[in-house]
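What follows is a single structure, written as structure tokens, with notes after it.
The values are calculated or read from the model by the stated rules, or taken from the named source; none is laboratory data. Just so it is clear, the structure is predicted and the values come from calculations on it, not from any experiment. Counting neighbours? That spans all protein chains shown, and the Cβs are built from the backbone with ideal geometry, glycine included. Protein only, heavy atoms only, side chains kept; ligands, DNA and RNA dropped before computing areas. Shrake-Rupley method; radii C 1.70, N 1.55, O 1.52, S 1.80 Å.
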Amino acid sequence: MIKNYLKIAWRNLVKNKAHTFINIAGLSVGLACSLLILLWVQNELSIDAYHVNGDRLYKVYEREYYDHKIDGNYDTPALLGEELKKVLPGVEHAINMGDENDNHTFRANNKILKVSGTFAGTDVFKMFSYPLIKGSVNNALSSPLSIAISQKMAAMFFASPGDAMGKTIRFENKKDFTVTAVFKDLPENSSRKFEYLINWDAYLAEYPGSKRWDNSGPLTFVQLRKGVDFSSVNRKMTHLLETYSKFSKSYRVEHALQKFNEVYLHSNFVNGEITGGRIEYVRLFSIIAVFLLLIACINFMNLTTAQSVRRAREIGVRKVMGAVKGVLIRQFIGESFLITLLAVVVALVLTSALLPAFNNITQKEITMPFNQVSFWLSLMIITVITGLVSGSYPALFLSSFNPVKVLKGTLKLDSGTVWFRKGLVVFQFVLSSVLIIATIVVSRQVNFIQSRNLGYDKENLVYIHIEGELEKKYNVFKNEAMALPGIQSVSDISSNPTNIDNSTISVSWEGKDPNVTIPFPNIAVGYDFIHTMKLKMLAGRDFSKDFPTDSDNFIINQVTQQKLGYANPIGRTITMWGHTGKIIGLVKDFHFQSLHKQILPLIIRIAKGNMTGGDILVRTQPGKTKDALASLQALCKELNPEFPFTFKFSDQQYQRLYKSEEIVGRLSNIFAFLAIFISCLGLLGLAMFTAEQRLKEIGIRKVLGASVVSLFNLLSAEFLLLVIIAMIIATPIAWYSMTAWLQGFAYRTTMQWWMFALSGGLIILIAVVTISFQTVKAAFVNPVKSLRSE
């Protein structure tokens, strides 16, 4: 019996080659897209999920209350980790860690290389599953001069992990560390990858200011003891900082715990609470995967029922010969599974072929998990569900034909069946329309971000990290660099200009309300900073060597002026960290953080002494950047020979802030196109079905004198009506969804009517092209053949 089912199914597939090709093409594309998204979602969900102690690992975050606002972030005091172990019995291990990786210069075995890593507390290998190849978890970072390096870094400087143990490696050409452990290279599903970890005491020695409880910046991680109640520890954490730092009535900081394996996907803060993050994109693309597969299944239904007239006699004869409805249903479900299996094979080939390009877009390293049983089980479930969903309706529909009517040639579909099929097409185009509108809005926002006037010129601006001899020889570097061809101006800054997040609450001013406390981001800069950044000075002047007292003076932005309440701030005084100085300049507000955030009040001061850990800013002349970089490299090699020359472009650093949005934009473009492609196959199916049903009507109309154009309009009108209805339904859905997405940006584009009109126009144009093929074909059929057909 099964053999006969397969034989009949195969004959039908071969007999209707075009129908089979379209069916398999639609299903395979839908399946391939769903598989790609499934692999991406699995990868996202697996990030940081491999730690053995994951159920007891937490990351500390803080809620900062000030100026009638609540800010949330992961910045914590650098002393918090060790203190938590002392004062909270429920804490088994705790560490501080650098908030981001730094590219530091190391030297060993006559090799000088820049490597990415950070500082961490001694418990790091006890808490996290970073397996050690050499060394022990107890001694890995037990000394202030200890360093643990990765297997990759061991290969860079030494022959093997064993050879690296106990060896000395020089850090930034100023301190020697001893390799006390070598850990395995971190897996791809780590949210943060580093090649070395240095003992936390070295961090405190490198940055003495971090020893203050009122300074925040590093990260803090906690591992609770087994059986300890999380909520109890969390409550004790809330007001812990009040013991070490005094707060005013208008300012306080609270701490709380978040599960570590949830941080990667849930890291956005709204009013101090964690609300979403990358999980929103995981949910979004999971829904898109289901929708694409559903669109493909709907295509199968429409294309199969479009062939119903051709198979009506076959079904009638089989029923007369004794075939019951259940047998026919099993046959048609079997045919559906056969097509689905063929589509799955094609989809696997497509997925494997497209995966490298998909990885390039998503910046992942996903591989086809052919060796994982879970993958094959998931694929089997998808195959079964797809086969049932796509084949169920055609099976029920075809098996319900009345044999008497079929054999008499009086087969006619009831209105419910016709409307159901049209409803499926409308549903397809609603989803496609929403995707296209979303793509337009996302692209518009990305373009808005890239083209927005930031308040400074990010083009032709180069950052060179201040390290080694450049700290002491900065003035020499600046003087010689200004004499090089292609260089416009040079200055320096204590923090990356695209992400200034160092803040202080130790600011007071004339008339300040003692009950008001406001954090002020602040930076130290060199002379010519305003000129080099091309900031707009609204009042006053830049720092100048002609005014020795400028070492105590300040330049502020417009938001700071508003917070201070100075109508004319020039000449007025402010006090920061106990030092009082005058405001000598007012600059126009400029963006120094992501556009997700409002511009904050900024205080700019002149750097005193050598700048440590900041960047040299070099403004090159347009079109001469390449030559300027070559000259700068030679100059750095001469002044700072122990450090390799590295640089960053300001515009590239800025784009890094919006990596997720760019990825979403690219994927939205691709999936919107594929959704339209698959939906048009469904529309083609409905056009084929309608043409089959109205073949005699078309013949009669042609005999009575109807032109090809009038027949085309007749057949196309109802299809275009379906597309227009879909657009009407999709518009409010897309508007609501994209309005919510744009709320995540403090500075954003606006949705305009033309976005919806463009989407509608594109879909209607594509629909007309799709329909034209079948309707024109039907309109040109010889009326004699149409009237003879049964």
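Here are a few things to note about the model shown:
- Among the listed pairs LYS184/LYS236; LYS59/LYS86; LYS184/LYS659; LYS364/LYS624; LYS69/LYS246, those with a Cα-Cα distance over 25 Å are LYS184/LYS236; LYS184/LYS659; LYS364/LYS624.
- A 1.4 Å probe run over the chain, with the rest of the protein chains in place, finds 45 Å² accessible per residue.
- Positive dipole terminus of the chain, leading residue within THR76, ILE449, PRO641 (C-beta point charges): ILE449
- Extension gain for TYR50 to ASN173 (0.36 nm times residue separation, less C-alpha to C-alpha distance): 40.7 nm.
- Per-residue HN-Hα couplings for segment 596-604 [Karplus 6.51, -1.76, 1.60; θ = phi - 60°; Hz; x = Gly/Pro]: 5, 10, 5, 5, 9, x, 10, 10, 10
- Here is how the number arises for the chain: DSSP H runs of 4 or more residues each give -39500 (n - 2.57), the sum is divided by the residue count, and the result at 222 nm is -16500 deg cm²/dmol.
- With a Förster radius of 41 Å applied to the C-beta separation of LYS659 and VAL345, the computed FRET efficiency comes to 0.75.
- Kyte-Doolittle mean at least 1.0, axial Cα span of 15 Å or more - DSSP H helices of the chain: 17-46, 279-306, 325-362, 373-399, 415-451, 659-693, 708-742, 753-779
- Phi to ³J(HN,Hα) by Karplus 6.51 cos²θ - 1.76 cosθ + 1.60 over segment 548-564, Hz, x for Gly, Pro: x, 6, 4, 4, 10, 9, 9, 10, 10, 9, 5, 5, 4, 4, 5, 5, 6
- Listed peptides 295-302, 591-598 by packing density, highest first (mean Cβ within 10 Å): 295-302, 591-598
- Taking amide H positions as modeled 1.01 Å from N, with prolines and chain starts lacking one, the residues under 5 Å from ILE133 and 5 or more places away or on another chain are VAL182, PHE183, LYS184.
- Around the Cα centre of the chain, unit charges on the Cβ atoms of Lys, Arg, Asp and Glu (plus for the first two, minus for the last two) sum to a dipole of about 3720 debye.
- Fully extended contour minus Cα-Cα distance, from LYS69 to GLU718, at 0.36 nm per residue: 228.1 nm
- Order by protection proxy (mean Cβ within 10 Å, highest first), peptides 281-287, 23-29: 23-29, 281-287
- Computing Rg and the Kirkwood Rh from the Cα coordinates of segment 483-557 gives a ratio, Rg/Rh, of 1.02.
- Accessible carbon and sulfur surface of the chain relative to its total accessible area, %, 1.4 Å: 58 percent
- Ranked by how many other beta carbons lie within 10 Å on average, peptides 472-481, 362-371 from highest: 472-481, 362-371
- Residue among SER146, ILE287, ILE530 farthest towards the positive dipole end of the chain, charges placed on Cβ: ILE287
- Alpha-carbon Rg with Dmax, taken over segment 425-504, Å: 22.4, 71
- Rg in Å to one decimal, and Dmax rounded to a whole Å, for the chain via C-alpha atoms: 33.7, 107
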